[in-house]
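The values are calculated or read from the model by the stated rules, or taken from the named source; none is laboratory data. Note that the coordinates shown come from a computational prediction; the quantities given were computed from them, not determined experimentally. Please note: Cβ atoms are built from the backbone with ideal geometry, for glycine as well, and neighbour counts cover all protein chains shown. Surface areas here come from the heavy atoms of the whole protein model, side chains and all, with no ligands, DNA or RNA. Shrake-Rupley method; radii C 1.70, N 1.55, O 1.52, S 1.80 Å.
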Amino acid sequence: MSQSFLDQLWTARYVIMSGLGMSVSISLLAILAGSVLGVFVGMALVFGGAALRFAVRAYTDIVRGTPVLVLVLASYYVSSAVGVNLGPFTAGVLALAIFCSSHVGEIVRGALQAIPKGQTEAAKAIGLTFTQTFTSVLWPQAMRQFLPAWVNTAAEMVKASTLLSVIGVAELLLRTQEIISRNFLSLQFYFLAGALYFIVNYGIERFGKYVERKTTLPS
Amino acid sequence: MAKTILDIRGLRKTYGQHEVLKGVDCAVQEGEVIAIIGSSGSGKTTMLRCINMLEEFQGGTISLDGEEIGYHVEGTARRRKSEKEIARQRALTGMAFQQFNLFPHMTAAENVMLGLIKVKKMAKFEARAIAETWLDRVGLASRVDHYPGQLSGGQQQRVAIARAIAMAPRLMLFDEVTSALDPELVGEVLQVIKGLAADGMTMLLVTHEMRFAYEVSSRVIFMNQGVICEEGNPKEMFVRPKTERLAEFLKTSSFN
Amino acid sequence: MGYTLNFGAVWRNFDFLLHGLMLSLGLAVTSILIGAAIGLVLAFALISKNRFAVVPARLYVTVLRNLPILVLVLFAYFALPQMGFRLDKIKSFVLVLSVYSGAYLAEVFRAGLLSIPKGLTEAGLAIGLTSMQIRTSIIAPLMVRNVLPSLSSTVISLFKDTSLAAAIAVPELTFAARKINVESFRVIETWMITSALYVATCFLIAALLRFVERRLALPR
């Protein structure tokens, strides 16, 4: 039994590695795109006018109120229905990026609003412009709040990347299912997939804790 | 003569390397009101907490009505009693805390009733009657169904005392019960304690209120660096301290 | 583009979606209740001084929080039967979501427990209560009040996780939506309505928890 598992594992080694590579690529792309979008979302929520704030708030509430799997399926089916044929990979990454942007947006908003109002006033009082205030006073302080939470979002994205298996993206979980359909070793290979996801996410979690320690101001 | 309720012998307590109690001996007779005074870090609060097993202690014995508290000691072997047994023993002594520690999600009456129902297995109506009686005794008849958040500090402390005394303990322990109160609220709490003293309740009070210790106690214990340094009648001790340390302490404390 | 919205097909199948939503809610409520019991036990273990309680609890929470729930869903339904543990689709999913909720709720509860003053435990001990009585009559009710404000994001996220039951063909809302999508080709309409149903339910959950929070608020 265990001999046959090791044999099967050896046979499947490249398939598993390519699946893992795919999962990591999906997560990285989603985090990058989602974070860029998310910073704008967060800024709009804090500094935007009433109309913009309302629109962006509606966007984040809808995205956060919808399961990621629904976002993935909707992105996949809707894009092809309206004639933009994205294909499962792009549609899936787009859905995760949207999901990521609402999370990052909330983190950015929280981080910016946690800064006492007096900071902006003090910056104004010494004659800084809005841009100067933002880049040299608000942003550095917000980053300390933002970074640890952002690293945790990365772990969320790795977990969410499994959902792309449902629309046929050959990431680690779909690859695992394919392997199991050939050798029927479901217990062993699901365990293996679980272990790989755990290692990646646990690594991210430890990194998040490290970042948290590094960014905490001495007091 | 009055019988001994509490007998503390060679009580030792250490936190890691640091020895907080270095062998305390003390016997308390029924009906005595003992004020324990001393500077912070002298071990007076720790001693009180050992009596109620809120602190473990490493040496010596504490016995209440002849029954050893917290530990079985046979020769050199010494082991902690079962949790159930310790819980039963704790119910024999009542304790009031500096921070009141009322249960914030329960009304004054419910705070008093909890122990009666859960520990003494009383019926609810019975517990309620006792709670009302004691809350009335501490002057809070009109606050029976108020939550702690709706009461002043002095009122909360009086509820806390009612909660402890309603369990009909053999002995009451008061741990700096007025230290967290605004000065104008201290009097109402001290009044309640005086009333209990007049009833003949046996009490140990750790206090910073020297005037009160002088008035209400039958004996004063002065603790210093983990041992009892001097003890005696308050009338003598406060006027003619025998040790240099007590004289020093009385000079710096607010006895006026 | 040339796509015109037409909700007719979706409205005709609206009952099907609603049934799906009811099943989603049923899965969420059952799993979160079981998960809350697991989480409560774990939270007490996490804050205890006993290593034999802390280490297994910490292991449970760390492992589960770092696994994608879809892997667990598939594992429970397809791999557990290999070990002779066979459950139907719904039970298998409830098992997974309960175990998973337990890990997330444990962390929420732990934070709630840590903010309860130690003096309350001492006051309970002083009147002769046992540790278990103190947990049930004093600590747990206060902990619930402490965590309610922060509970809704976890509960909502766990409710959204019920959508993964679609992966093992449990006919909950996402599964129903996908079926209508495939059968009617009214793609945009289907996903708009589905998303709206999820969003509305999330708002209701948040409102319900705020209501409970206000009801339990202590008078002052």
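Mind counting the residues in the range C:38-82 that are away from chain A (no Cβ under 12 Å), closer than 26 Å to C:ALA165 by Cβ and of a type outside the set (Gly, Ala, Ser)?
First, the residues of the range C:38-82 that are away from chain A (no Cβ under 12 Å): C:38-58, C:60.
Still in the list and also closer than 26 Å to C:ALA165 by Cβ: C:38-42, C:60.
Then keep just the ones that are of a type outside the set (Gly, Ala, Ser); that gives C:38, C:40-42, C:60.
Final tally of qualifying residues: 5.
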Inter-residue pairs, beta-carbon under 6 Å, first farther than 19 Å from A:VAL39 by Cβ and in the range A:110-128, second surrounded by 13 or more Cβ atoms within 10 Å (Cβ to Cβ), 6+ apart: A:GLN119/A:VAL137; A:ALA123/A:THR133; A:ALA123/A:VAL137
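Out of all the residues in the range C:96-112, is one or more farther than 30 Å from C:GLY26 by Cβ and either open to solvent by less than 10 Å² (accessible area, probe 1.4 Å) or part of a helix (DSSP H, G or I) (or both)?
As a first pass, look at the range C:96-112 and keep what is farther than 30 Å from C:GLY26 by Cβ: none.
Within the range C:96-112 (the criterion being farther than 30 Å from C:GLY26 by Cβ and either open to solvent by less than 10 Å² (accessible area, probe 1.4 Å) or part of a helix (DSSP H, G or I) (or both)), the answer is no, since none of the residues qualifies.
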Unique match (being basic (Lys, Arg), within 16 Å of A:SER27 (Cβ to Cβ) and either touching a helix residue (DSSP H, G or I) at 6+ places or on another chain (Cβ under 8 Å) or at pLDDT below 90 (or both)) among A:LYS159, A:LYS117: A:LYS159
Any chance B:GLY94 is within 8 Å of chain C (Cβ to nearest Cβ) and crowded, with 18+ Cβ neighbours inside 10 Å: yes
Some residue of the range A:81-88 being in a helix (DSSP H, G or I), modelled with pLDDT under 95, facing chain C (nearest Cβ under 10 Å) and touching a helix residue (DSSP H, G or I) at 6+ places or on another chain (Cβ under 7 Å): yes
Scan of the range B:67-91 for residues that are surrounded by fewer than 16 Cβ atoms within 10 Å (Cβ to Cβ), closer than 24 Å to B:ARG12 by Cβ and not hydroxyl-bearing (Ser, Thr, Tyr), ordered by number: B:GLU67, B:GLU68, B:HIS72, B:VAL73, B:GLU74, B:GLY75, B:ALA77, B:ARG78, B:ARG79, B:ARG80, B:GLU83, B:GLU85
The range B:180-198, residues that are without any contact (Cβ under 8 Å) to a residue 12 or more places away in the chain and among the hydrophobic types (A, V, I, L, M, F, W, C): B:ALA198
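Look at A:ILE98 and say whether it is within 21 Å of C:ASP161 (Cα to Cα), more than 10 Å from every other protein chain (Cβ to nearest Cβ) and assigned to a helix (DSSP H, G or I). Steps first, please.
Values: within 21 Å of C:ASP161 (Cα to Cα): yes; more than 10 Å from every other protein chain (Cβ to nearest Cβ): yes; assigned to a helix (DSSP H, G or I): yes.
Criteria met by A:ILE98.
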Count - residues of the range B:135-165 that are facing another protein chain (nearest Cβ under 9 Å) and either in a helix (DSSP H, G or I) or crowded, with 24+ Cβ neighbours inside 10 Å (or both): 6
Test: residue in the range B:223-237 that is without any contact (Cβ under 8 Å) to a residue 60 or more places away in the chain and more than 23 Å from B:ILE51 (Cβ to Cβ): yes
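Table: residues versus (1) over 16 Å from the mean Cα position of the chain (by Cα); (2) under 30 Å from B:GLY115 (Cβ atoms); (3) without any contact (Cβ under 8 Å) to a residue 12 or more places away in the chain.
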position	(1), (2), (3)
B:THR178	no, yes, no
B:GLY200	no, yes, no
B:VAL239	yes, no, yes
B:PHE249	yes, no, no
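What number of residues within the range B:6-30 are out of contact with any Gly (no Cβ under 9 Å at 6 or more places or on another chain) and either at pLDDT 90 or above or assigned to a strand (DSSP E or B) (or both)?
Taking the range B:6-30 first, the residues out of contact with any Gly (no Cβ under 9 Å at 6 or more places or on another chain) are B:6, B:15-18, B:26-29.
Adding the requirement that they be either at pLDDT 90 or above or assigned to a strand (DSSP E or B) (or both) leaves B:6, B:15, B:18, B:26-29.
Residues meeting the conditions: 7.
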Given (1) within 8 Å of another protein chain (Cβ to nearest Cβ); (2) crowded, with 22+ Cβ neighbours inside 10 Å, index of the condition C:GLN133 fails: (2)
Members of the range B:25-56 that are open to solvent by less than 10 Å² (accessible area, probe 1.4 Å) and without any contact (Cβ under 8 Å) to a residue 40 or more places away in the chain: B:CYS50, B:MET53
Residue ID - most open to solvent (accessible area, probe 1.4 Å), chosen from residues in the range A:4-35 that are polar (S, T, N, Q) and farther than 23 Å from A:PRO88 by Cα: A:THR11
Number of the exception - C:ASN146 against (1) more than 10 Å from every other protein chain (Cβ to nearest Cβ); (2) open to solvent by less than 30 Å² (accessible area, probe 1.4 Å); (3) of a type in the set (S, T, N, Q): (2)
Where A:PHE130 falls short, out of the listed (1) open to solvent by less than 60 Å² (accessible area, probe 1.4 Å); (2) modelled with pLDDT under 95: (1)
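Could you please give the count of residues in the range B:106-130 that are within 7 Å of chain C (Cβ to nearest Cβ) and either open to solvent by 20 Å² or more (accessible area, probe 1.4 Å) or of a type in the set (S, T, N, Q) (or both)? Walk me through it before giving the result.
Taking the range B:106-130 first, the residues within 7 Å of chain C (Cβ to nearest Cβ) are B:114-115, B:118-119.
Going one step further and asking which of them are either open to solvent by 20 Å² or more (accessible area, probe 1.4 Å) or of a type in the set (S, T, N, Q) (or both), we end up with B:118-119.
Qualifying residue count for the region: 2.
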Among residues of the range A:41-61, those that are surrounded by 14 or more Cβ atoms within 10 Å (Cβ to Cβ), within 14 Å of another protein chain (Cβ to nearest Cβ) and without any contact (Cβ under 8 Å) to a residue 24 or more places away in the chain, counted: 2
Failed condition for B:LEU173, given (1) away from every other protein chain (no Cβ under 12 Å); (2) under 17 Å from the mean Cα position of the chain (by Cα); (3) over 20 Å from B:LEU185 (Cβ atoms): (1)
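For the range A:130-213, give me every one of the helices (runs of 4 or more DSSP H) that falls completely inside it and has 1 or more residues that are within 12 Å of another protein chain (Cβ to nearest Cβ) and either in contact (Cβ under 8 Å) with a residue 40 or more places away in the chain or on the phi > 0 side of the Ramachandran plot (or both).
Values: elements: A:130-133, A:139-161, A:172-183.
Per the criteria, A:139-161, A:172-183.
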